[in-house]
Structure formats: structure tokens, C-alpha cells
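Colleague: Structure in C-alpha cells, see below.
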Amino acid sequence: MSKQKEVTISGVGGQGMILSGTLLAKAAAIHDHKKATLSSEYGVETRGTFAKSDVIVSDEEIYFPDVTEPDLVVCLHQIAYARYSGKVGEKGVLIYDSSEVTPDLAQAGKEIGVDITAEAKKAGHPATANIIVMGMISGYLDLVEPEGAEEQIREFFGAKGEKTVQMNLVAYDNGYAIGKNLGQNRE
Amino acid sequence: MISDYLLEEKLPLSWCAGCGNGIILQSIMRNIDARHWRKEDTVICTGIGCSGKADDYTRTNSFHGTHGRAIAFSTGMKLANPNLHVVAVMGDGDGITIGGNHLIHAARRNMDIVAIMINNLNYGMTGGQYSGTTPRDSITKTSVYGHVEDGFDVCGVVKAAGGTFVARGTVMDVVQLNSLIGKAMDHKGFAFVEVISPCPAQFGRNNKMSAAPAMMQWIKDNTVSVAKAAGMSRAELKKKFVTGIFEDRNDQDDYYTAYKKIIDRLGGEENE
Amino acid sequence: MGKFRFMQGNEAMTEGAIAAGARFYAGYPITPSSEVAETSSVRLPQVGGTYIQMEDEIGSMAALIGASVCGKKAYTATSGPGISLMSENLGVAMMGEVPCVVIDVQRSGPSTGLATKPAQGDVMQTRWGTQGDHSIIVLSPSSVQDCFDLMITAFNYAEQYRTPVIFLSEEIIGHLREQVIIRDPEEITVVDRARPAGDPKDYRVYDHSQGLAPLATFGSDYIFKINATMHDEKGNPSANQENCERIVRHLSEKIESHVKDISIVRRYNLEDAEYIIITYGGTTRSALSAMQKGRDAGLKIGVLQIVTLWPAPGAEIEEVMSSANAVFVPELNLGQYISEVQKRNPRNIPVIGINKTNSKPIFPAEILEKIKEVAD
């Protein structure tokens with residue numbers, strides 16, 4: 001792995017991509033003392049049009065904060081998938097939500113389908129999908145230390161009560177296990 | 001007494017013969033004096049137009065800004081120093097035409113400032129074009145065929161917007177005018193006084209009232225008290241100047257009093 | 001040491017303003033600057049300050065100036081359409097010599113443009129947007145840390161030079177989230193405007209014969225007039241020709257004669273650089289990335305980052321122009337700042353603009369490609 005890791009989380013507005021990205025980047029910066037950036041792209045509509053967040057984590061200063069050489073691209077919606085399928089570069093891998101995306105068969109092998117929607121329901125609520133994604137990214141790329149991720153999840157969901165915190169921690173762990181597994185298979 | 005407040009070296013006033021602005025300026029200054037407002041704690045804030053010359057003559061602090069924005073400048077002043085006495089002096093162009101948005105929002109917020117709008121029914125300084133208060137059928141430099149719009153009932157607008165003190169006077173009744181401006185100054189909250197004032201040099205000249213007395217007489221003849229207006233029909237009140245107090249209530253915090261409660265709740269130090 | 005935080009550029013601007021002593025915000029929300037308004041509405045009352053959402057940007061700019069003459073450090077945040085509406089009253093701050101800070105988080109233009117997309121189209125508007133001759137200070141951040149640190153500088157300049165200062169960011173940095181140190185008060189230098197001393201009767205708010213006149217406060221012992229119309233040293237209206245000439249020249253010279261003190265640039269690898277990128281704002285990040293990649297490939301690339309866009313740091317630009325083989329000016333517009341470089345080019349070296357207005361940032365590869373074209 002190079003010193004700099006680049007991830008794009010893409011979908012449509014309202015899927016919580018900025019949150020997953022922010023919590024990861026924050027964990028990397030605050031707990032792991034790495035350099036981290038989160039930049040985002042979205043439309044004027046809060047819901048429904050293409051949106052993405054780019055997370056970069058590095059041991060060194062990060063200059064350009066948009067992902068140009070992705071290690072991982074996550075697609076949570078067909079619109080996003082259409083943008084990235086076949087365009088993730090040499091080292092990049094694309095993971096899509098198999099409940100939301102109908103994949104291009106020509107890309108089979110280079111892309112991985114994960115039923116993120118189902119995993120979220122399993123964790124307790126469909127809204128945990130972005131935390132599944134957060135865990136999955138971290139597991140796959142070994143991006144942030146688990147303590148830092150937990151710290152961020154506790155901080156963000158704390159006000160909503162321990163039950164919500166626990167549900168999201170479960171989502172993170174489940175996502176992490178999926179990511180770790182995919183990463184190991186790849187190596 | 002008046003020289004305590006007016007810069008004598010600036011006199012005589014630059015306004016035209018027959019203009020009502022001098023009467024209004026005097027009324028404002030007499031009322032400030034009667035209330036013993038320190039000049040240091042008083043700001044006269046003006047816009048652009050004939051009324052915008054008012055601050056030239058005052059010994060108080062003054063702020064001469066842009067056309068129509070006196071209330072917005074005043075808002076910043078009052079919020080930055082709630083102990084200041086802020087008097088915005090505007091014309092009908094400033095107050096309701098280009099600056100109408102600030103007027104209605106300051107009224108809605110109950111911003112604790114005194115807003116005096118001198119209504120001379122047209123744009124005097126720029127040569128007598130129509131404004132948002134020019135009456136229908138009037139002749140102005142830009143309505144030579146007769147004006148096809150109605151003018152605003154500005155007091156009606158301010159009252160509807162939530163102003164907590166709203167009144168109208170004319171320069172033809174100085175006793176009433178002094179009383180209205182005084183009450184506005186004593187009011188905690190947004191206090192609005194519209195003053196109907198003659199502009200013989202422009203509006204008068206264009207409407208067969210070029211002699212100052214003729215224009216003054218016309219205002220007098222068309223002035224109706226609030227009490228009398230109550231018994232008149234809408235048609236009868238058309239083109240009449242209804243004078244008196246339209247709103248005077250103290251049932252609502254002024255903006256900063258309400259905002260200060262938030263600061264106190266949060267424990268912030270004021271004027272830190 | 002300060003507090004280590006991870007936050008958005010817009011949020012750090014609010015923290016920087018508060019650290020600089022700002023206690024008044026008047027504004028009208030507009031993408032992509034709205035987070036400055038939102039965070040200011042939360043933070044200001046916590047420190048005894050006041051947030052007000054005005055009816056429009058015209059009123060916002062007016063309220064800012066009103067608050068400042070009453071002694072509060074005041075700021076607002078907007079984007080291109082709002083800057084257009086603020087322009088007239090920006091002139092009041094200029095002519096009235098009232099300190100304040102205006103944040104412009106640029107979006108793609110012209111007109112309403114694309115609200116959520118980055119651009120750098122307001123570079124010339126912030127320089128010349130308000131009518132008449134004047135000089136203005138414009139600072140441009142390239143990181144979230146800058147949003148904090150440079151905001152303090154912006155207020156310091158405003159206070160020191162009795163002038164409005166524009167903090168010109170863009171969607172790239174405004175919405176970027178990264179680490180930032182919120183410095184402790186003892187680590188920060190805060191400049192407050194000079195206040196008059198002596199007999200209030202002798203106070204002249206616009207008498208600059210002994211250096212920049214101090215600015216009193218409405219409500220203090222000093223009575224004065226602020227006047228946006230041509231005025232004399234007391235603030236009385238004046239059409240005296242000599243006076244008019246003096247005032248207009250003063251408004252330019254009070255800034256231009258301090259270019260050296262106001263200029264902030266950052267130099268990266270300029271010592272041996274053959275190809276130099278002159279850049280500003282969020283595009284600096286693209287330039288530095290291109291420099292790094294280019295250096296890895298053996299190209300001697302350097303970067304001159306212009307932090308003080310206006311007044312233009314002429315000496316620093318000239319220095320670069322005397323040593324480079326070619327200069328590259330990437331801008332998210334059709335070439336607004338490049339003329340500042342071109343007019344300081346005695347050796348007539350190639351000055352190459354890299355311009356983009358498709359709502360995407362300039363990618364490092366796009367800069368590198370241009371450099372390679374020249375290098376080959």
C-alpha cells in the first residue's frame with residue numbers, strides 16, 4: 001500500500017456519504033494522527049441527484065483533496081455506478097450495493113457486489129447503510145484504527161442514545177468484517 | 001437651545017423655500033433636547049435625497065450612507081450598542097421605495113429604532129420624478145401624462161408588518177408632529193412616523209401648486225384625523241392624508257431584548 | 001498549543017473571526033457559504049456577540065458597517081450573487097473608512113451559475129466591484145487552517161488600515177474538511193483599531209495628515225460623522241476640488257503604500273525552479289500536487305502562492321519572473337489574475353494560463369501536462 005489512500009463514496013444525495021467519509025477522515029486525523037481530507041460534490045438538490053465524498057488519508061501533507069487515483073470506489077446507487085464503472089484506474093476497486101445497482105457484466109472480476117442494504121437491515125435499521133460502508137472501507141483498506149472509528153461513532157450518535165450508538169457500532173463491525181474479508185481475498 | 005443640537009455655521013438650511021424638512025428637523029431636535037439625550041449617545045442616520053441632508057446640520061453623531069439603507073445601517077448600530085438612540089431620517093424614496101424591504105423587516109423584528117419618513121410625494125433632489133408614494137394622476141417628471149399607480153399607504157404597510165408604534169403627521173400641524181415624534185422616541189421597539197411634507201419646488205410646480213402656500217393649503221385641505229377617517233369610506237379617503245396614531249403597543253419584546261435572553265441563557269458575556 | 005479539530009473551511013472561518021474578536025455577523029445565507037452563517041448563529045451568542053439574518057445582502061452589508069462604527073468587529077459571508085448586492089455598501093465601508101470583513105465563498109458563475117460548484121470568478125469583482133477609484137485588501141486561503149489563521153489576519157488588516165477586507169475563498173476550501181488547530185488566544189496576535197485620545201472637540205474622523213486617523217465609536221465621548229458622500233476631515237460633505245482629489249488618492253494610497261506589509265506569499269521549491277506555477281486559493285492544492293508529481297518525474301517545478309491577491313504583491317511576482325523559464329497560472333476562470341503576472345514580465349518569458357470553467361477543480365495532471373508541453 002502506498003502512503004496515501006484514496007476512497008470515493010458515491011451515490012445520490014441523502015444516502016449519508018458525507019457522514020461516512022467525515023467520520024473516517026476525522027478518526028484518521030484525530031485518533032490516528034494522520035493527515036486526512038474530505039471533499040464532496042453534490043447538486044443543489046438535497047436529495048436524489050449524484051453526490052459523492054472523497055476521503056484521502058495519508059502520512060504526509062495532502063495537497064489536492066479530490067480523489068484522482070482511487071484505491072476504492074463505493075457506489076450506492078445506479079447513477080453513481082454509471083459514473084465510475086470501468087473508470088477506477090489500475091489499482092482501484094469498485095464495490096457496489098447489489099440491492100441498488102445492476103452491474104455491467106463486462107466489469108465482472110474488477111467489481112464486487114455487496115448487499116449493503118441487506119446488511120444495514122441486519123444491523124437493525126436501513127439508515128445504518130452508511131456506517132456499514134464506513135466499516136467496510138476501513139476493513140478493506142485498513143484505513144483507521146477501530147478505537148478511533150468507535151470514538152467518532154460514539155461522538156456523532158451519542159445524543160441519540162446508547163441504543164443507536166450500539167446499533168451503529170454493530171453496523172461498523174459488520175461492515176469492517178466484510179471489508180477485511182474482501183481485502184484478504186484480494187491479496 | 002436649538003444651537004446645542006444644530007450646527008449654526010451650516011445655516012441657513014439648504015432646502016428650498018417652502019420645503020417642510022426644516023420643520024421636521026427642528027421637531028426631531030426639540031424632542032431629543034426634551035429627553036436630554038446626550039449627543040454622544042445619539043446617532044442621526046440618513047439615506048440619500050433631500051432628507052439625506054438632515055445630518056449635515058446636527059451636532060449629534062451622524063451617519064450618511066446610501067439610498068434606502070438608513071434602517072439597515074441603524075439596525076447594525078442598535079444591535080452593536082443597544083444603549084444608543086438611533087434615529088433614521090429618510091425620504092419616501094429611501095423609506096418605502098428603494099428601501100421598503102428594510103422598513104418592513106425592521107418593523108417585523110421590532111428593531112428598537114426611531115424611523116422618520118419624510119413623505120414629499122416625489123423625488124425632489126433628482127428633479128421631481130415619481131416615487132412609491134406619489135398619488136395616482138399626479139404629474140411628475142416621469143409621469144407627465146398622469147401617474148397610473150397608487151401610492152403606498154406607508155403606515156398601513158408598517159402596521160401590517162408588525163411595527164409597534166406607527167403614526168402619521170404633517171408639517172402643517174407642528175404641535176401634533178412634535179407629540180408624535182416624541183412618543184416615537186419614548187417607545188421601546190420599532191417606532192415609525194411618516195410626515196407629509198410639501199415640495200413646492202418639484203411636486204408643487206408640476207401639479208399647479210408652485211407657490212409654497214398653495215401646496216401647504218392643499219396638504220391641509222386633504223388632511224383627515226384618524227378619528228374622522230374612521231367614519232369615511234375607502235373612496236372618500238382616496239388621496240387623503242390620515243393623521244394620528246395607528247398603532248401603539250408594548251406587548252412584544254424589541255429585537256435585542258429578545259436576543260439578549262438567548263445570550264444570557266448561553267452565559268455569554270455581553271460586549272466581550 | 002490550541003485545540004486540534006477536524007472541520008470544514010467555512011466553520012473554521014467562523015472560529016477565526018471569533019478568535020480575531022469579531023462579535024457581530026449580519027448576512028443572508030447563500031450556497032456555498034451558508035455554513036459560515038449557521039456556525040456564526042451558534043457561536044456568536046455563546047460569546048456575547050450578535051448574529052442577525054438580514055432581509056438581503058444589501059442590508060447585511062449596511063448592518064455590518066453600522067455595527068463596526070459602534071465598535072464591534074463585524075463580518076459577513078456570501079457568494080457571487082451576494083457580493084454583487086453588497087458592492088454598493090462595500091463602497092460605503094471604503095469611503096467611510098469603516099473596518100469589516102466580507103467573506104466570499106465563490107461558486108461557479110456568472111449570474112446564479114452553479115451554486116454548489118467551485119470557481120474563482122470573483123477575483124476582479126472583489127478588486128473593482130464597487131464604483132470609483134479605491135484600493136482593497138483581498139486574502140485567499142488554501143486550507144482549513146488558513147480559514148482560521150488568515151481570517152485573523154483579515155480582521156487585523158481591516159482594523160489597522162480602517163478598511164473593508166475581502167476574504168476570498170471558494171467552494172473547494174469552504175467545503176473542504178480537514179484538520180485545523182484552533183489556536184489559543186495567547187498564540188494569536190489581534191490588532192484593534194486605533195482609538196482617538198485627547199480632547200473630543202479636536203477629533204477629526206477623516207484627518208489623515210498625521211497618519212491614518214483613529215476611528216472613534218458612536219456612544220463614546222467622541223462625536224463624529226461617518227459620511228459615504230465626498231467629505232472633509234470632519235465628515236461634513238465637501239465638493240472642494242482639492243479635497244476630492246486628496247480623498248480619492250488617500251483611499252488608494254493608504255493601502256498601496258503598504259503593499260510590502262500587506263503582501264503574503266508562500267514559496268515552494270523556488271530556489272532551483274525552472275517552471276513556476278503562480279497560484280492562489282484552492283487551486284494552490286492542485287499546483288502543489290502537480291509540483292510534487294513533476295518533481296518525482298525530474299521536472300524542476302516551483303510554486304508561488306499568492307495569499308494577498310490585492311493589492312497584488314508586485315515585487316514577489318517580479319522576483320519569480322526574473323528566474324523562471326516559464327510561468328503557469330492556473331485559474332478557475334478565464335484568466336483574471338494572469339494580467340498581474342503578464343505586466344511584470346520584462347524578460348518576456350512564456351506566461352501560460354491554465355483555465356477552466358466547467359465547474360470542476362483544476363486537476364494536478366492538467367497543470368503537469370501543460371508544463372510537460374513546454375519542457376519537451
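The values are calculated or read from the model by the stated rules, or taken from the named source; none is laboratory data. Since we're looking at a predicted model, the values are computed, not measured. Positions of Cβ are generated from backbone atoms using ideal geometry, with glycine treated the same way; all protein chains shown enter the neighbour counts. These accessible areas exclude ligands, DNA and RNA; they are computed on the full protein's heavy atoms, side chains included. Shrake-Rupley method; radii C 1.70, N 1.55, O 1.52, S 1.80 Å.
Colleague: Scanning the stretch B:219-263 for residues that are open to solvent by 90 Å² or more (accessible area, probe 1.4 Å) and part of a helix (DSSP H, G or I), which turns out nearest to B:F190 (Cα to Cα)?
Modeller: Once the filter is applied, the top-ranked residue is B:K261.
Colleague: Considering each residue of the stretch C:13-69, count those that are open to solvent by less than 10 Å² (accessible area, probe 1.4 Å) and in contact (Cβ under 8 Å) with a residue 12 or more places away in the chain, and give that number.
Modeller: Initial filter on the stretch C:13-69 (open to solvent by less than 10 Å² (accessible area, probe 1.4 Å)): C:13-14, C:16-17, C:20, C:22, C:24-27, C:32-33, C:36-37, C:40, C:44-45, C:48-50, C:52, C:54, C:59-69.
After this cut, where a residue has to be in contact (Cβ under 8 Å) with a residue 12 or more places away in the chain as well, the list is C:13-14, C:16-17, C:20, C:22, C:24-27, C:32-33, C:36-37, C:40, C:44, C:48-50, C:52, C:54, C:59-65, C:67-69.
So the answer is 31.
Colleague: Moving on. Got at least one residue in the stretch B:243-256 being within 14 Å of chain C (Cβ to nearest Cβ) and out of contact with any Phe, Trp or Tyr (no Cβ under 8 Å at 6 or more places or on another chain)?
Modeller: Yes, some residue in the stretch B:243-256 is within 14 Å of chain C (Cβ to nearest Cβ) and out of contact with any Phe, Trp or Tyr (no Cβ under 8 Å at 6 or more places or on another chain).
Colleague: With the requirement that a residue be at pLDDT 95 or above and open to solvent by 50 Å² or more (accessible area, probe 1.4 Å), what does the stretch A:104-117 give you?
Modeller: A:D115
Colleague: Ok, one more. Where in the stretch B:72-181 are the strands (runs of 3 or more DSSP E), entirely inside, with at least 2 residues that are closer than 20 Å to B:R205 by Cβ? Spell out how you get there, then give the answer.
Modeller: Numbers: elements: B:85-91, B:114-119, B:165-170.
Fully inside the stretch B:72-181 and qualifying: B:114-119.
Colleague: Under the condition of being away from every other protein chain (no Cβ under 13 Å) and open to solvent by less than 60 Å² (accessible area, probe 1.4 Å), which residue from the stretch C:357-376 is modelled with the lowest pLDDT?
Modeller: Among those residues, the one meeting the criterion is C:A375.
Colleague: Related question: Residue check, C:V105 against (1) assigned to a strand (DSSP E or B); (2) surrounded by fewer than 24 Cβ atoms within 10 Å (Cβ to Cβ), all met but one. Which one?
Modeller: Status for C:V105: all satisfied but (2).
Colleague: From C:A216, C:A239, C:A273, which residue is at pLDDT below 95 and part of a loop (DSSP other than H, G, I, E, B)? I'd like the intermediate steps shown before the answer.
Modeller: On the way: C:A216 fails: at pLDDT below 95; C:A273 fails: at pLDDT below 95.
Residue meeting the stated conditions: C:A239.
Colleague: So, one more: When you look at C:F148, is it aromatic (F, W, Y), in contact with a strand residue (DSSP E or B) (Cβ under 7 Å, 6 or more places away or on another chain) and farther than 26 Å from A:A25 by Cβ, yes or no?
Modeller: Values: aromatic (F, W, Y): yes; in contact with a strand residue (DSSP E or B) (Cβ under 7 Å, 6 or more places away or on another chain): yes; farther than 26 Å from A:A25 by Cβ: no.
It is false that C:F148 is aromatic (F, W, Y), in contact with a strand residue (DSSP E or B) (Cβ under 7 Å, 6 or more places away or on another chain) and farther than 26 Å from A:A25 by Cβ.
Colleague: Do you know which residues across the stretch C:260-298 are within 15 Å of C:E369 (Cβ to Cβ) and either among the hydrophobic types (A, V, I, L, M, F, W, C) or open to solvent by less than 70 Å² (accessible area, probe 1.4 Å) (or both)?
Modeller: The answer is C:Y275, C:I277, C:S286, C:A287, C:S289, C:A290, C:M291, C:G294, C:A297.
Colleague: Taking only pairs six or more apart or across chains, which ones have beta-carbon atoms under 6 Å, a first residue in the stretch C:134-160 that is farther than 18 Å from C:W310 by Cβ and of a type in the set (A, V, I, L, M), and a second residue that is part of a helix (DSSP H, G or I) and at pLDDT 95 or above?
Modeller: Correct list of pairs: C:V144/C:G9; C:V144/C:A12; C:I152/C:G16; C:I152/C:A19.
Colleague: What tally of residues in the stretch B:164-194 results from selecting those that are open to solvent by less than 10 Å² (accessible area, probe 1.4 Å) and under 23 Å from B:K239 (Cβ atoms)?
Modeller: 10
Colleague: Is there any pair linking a residue in the stretch B:141-157 that is more than 17 Å from B:C199 (Cβ to Cβ) to one that is open to solvent by 90 Å² or more (accessible area, probe 1.4 Å) and among the acidic types (D, E), with Cβ under 7 Å and at least six apart or on different chains, and which?
Modeller: B:G146/B:D137
Colleague: Of the residues B:I44, B:I32, which is within 12 Å of chain C (Cβ to nearest Cβ) and aliphatic (A, V, I, L, M)? Walk me through it before giving the result.
Modeller: Details: B:I32 fails: within 12 Å of chain C (Cβ to nearest Cβ).
Sole residue among the options that is within 12 Å of chain C (Cβ to nearest Cβ) and aliphatic (A, V, I, L, M): B:I44.
So that you can scan it fast, the table gives a plain yes or no per residue for (1) in the same structural domain as C:T126 (by TED's automatic domain parsing); (2) closer than 11 Å to C:V265 by Cβ; (3) of a type in the set (F, W, Y); (4) more than 16 Å from the chain's Cα centre (by Cα):
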| site | (1), (2), (3), (4) |
| --- | --- |
| C:Q292 | no, no, no, yes |
| C:G298 | no, no, no, yes |
| C:I301 | no, no, no, yes |
| C:Q305 | no, yes, no, no |
| C:A312 | no, yes, no, no |
| C:E319 | no, yes, no, yes |
| C:S323 | no, no, no, yes |
| C:F328 | no, no, yes, yes |
| C:E340 | no, no, no, yes |
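Colleague: Test of understanding: among A:I137, A:I56, which residue is crowded, with 24+ Cβ neighbours inside 10 Å, in contact with a strand residue (DSSP E or B) (Cβ under 7 Å, 6 or more places away or on another chain) and within 22 Å of A:M167 (Cβ to Cβ)?
Modeller: A:I137
Colleague: Provide a single number: the residues in the stretch A:21-50 that are open to solvent by less than 10 Å² (accessible area, probe 1.4 Å), within 25 Å of A:K110 (Cα to Cα) and more than 9 Å from chain C (Cβ to nearest Cβ).
Modeller: So the count comes out to 1.
Colleague: Count, please, the residues in the stretch B:173-195 that happen to be in contact with a Gly (Cβ under 9 Å, 6 or more places away or on another chain) and not polar (S, T, N, Q).
Modeller: 10
Colleague: Scan B:M117, B:M125 and give me the residue that is under 20 Å from B:R69 (Cα atoms) and open to solvent by 10 Å² or more (accessible area, probe 1.4 Å). Even if it seems obvious, please write down each step before you answer.
Modeller: Numbers: B:M117 fails: open to solvent by 10 Å² or more (accessible area, probe 1.4 Å).
Testing whether each residue is under 20 Å from B:R69 (Cα atoms) and open to solvent by 10 Å² or more (accessible area, probe 1.4 Å) leaves just B:M125.
Colleague: Go through the stretch C:215-259 and count every residue that is open to solvent by less than 20 Å² (accessible area, probe 1.4 Å), touching a residue at least 24 places away in the same chain (Cβ under 8 Å) and within 14 Å of another protein chain (Cβ to nearest Cβ).
Modeller: Qualifying residue count, the stretch C:215-259: 6.
Colleague: Take the stretch A:59-103 and flag every residue that is touching a helix residue (DSSP H, G or I) at 6+ places or on another chain (Cβ under 6 Å), open to solvent by 30 Å² or more (accessible area, probe 1.4 Å) and within 14 Å of another protein chain (Cβ to nearest Cβ).
Modeller: Residue satisfying the conditions is A:Y63 alone.
Colleague: May I pose another question? Determine whether the stretch B:51-65 contains at least one residue that is open to solvent by 10 Å² or more (accessible area, probe 1.4 Å), without any contact (Cβ under 8 Å) to a residue 60 or more places away in the chain and within 16 Å of B:A106 (Cα to Cα).
Modeller: For the stretch B:51-65, residues open to solvent by 10 Å² or more (accessible area, probe 1.4 Å), without any contact (Cβ under 8 Å) to a residue 60 or more places away in the chain and within 16 Å of B:A106 (Cα to Cα): absent.
Colleague: Among the numbered criteria (1) closer than 30 Å to B:Y57 by Cβ; (2) among the polar types (S, T, N, Q); (3) not in a loop (DSSP other than H, G, I, E, B), which single criterion is violated by C:T284?
Modeller: Every listed condition holds for C:T284 apart from (1).
Colleague: Follow-up question, since we're still on this one. Residues that are out of contact with any Ser or Thr (no Cβ under 7 Å at 6 or more places or on another chain), among the aromatic types (F, W, Y) and more than 14 Å from chain B (Cβ to nearest Cβ), at least 2 per element: which strands (runs of 3 or more DSSP E) completely within the stretch C:1-89 meet that?
Modeller: Output list reads C:3-8.
Colleague: In the stretch C:314-361, how many residues are aromatic (F, W, Y) and in contact with a Ser or Thr (Cβ under 8 Å, 6 or more places away or on another chain)?
Modeller: So the answer is 0.
Colleague: From the list C:F155, C:F148, which residue is aromatic (F, W, Y) and over 26 Å from A:V67 (Cα atoms)? Spell out the reasoning first.
Modeller: Details: C:F148 fails: over 26 Å from A:V67 (Cα atoms).
Only one candidate qualifies: C:F155.
Colleague: Restricting the first residue to the stretch B:2-18 and requiring it to be open to solvent by less than 70 Å² (accessible area, probe 1.4 Å), which pairs with a second residue that is part of a loop (DSSP other than H, G, I, E, B) meet a Cβ separation below 7 Å and a spacing of at least six or different chains?
Modeller: Filtered contacts from the stretch B:2-18: B:Y5/B:R59; B:Y5/B:T60; B:L6/B:R59; B:L7/B:R59; B:G18/B:P198.
Colleague: Another question, if that's okay. Residues being within 21 Å of C:K72 (Cα to Cα) and more than 12 Å from chain B (Cβ to nearest Cβ): count how many of those fall in the stretch C:198-214.
Modeller: Restricting attention to the stretch C:198-214, the residues satisfying the condition of being within 21 Å of C:K72 (Cα to Cα) are C:200, C:203-206, C:212-214.
Narrowing the set further to residues that are more than 12 Å from chain B (Cβ to nearest Cβ) leaves C:204, C:206, C:212-214.
The number of residues fulfilling the criteria is 5.
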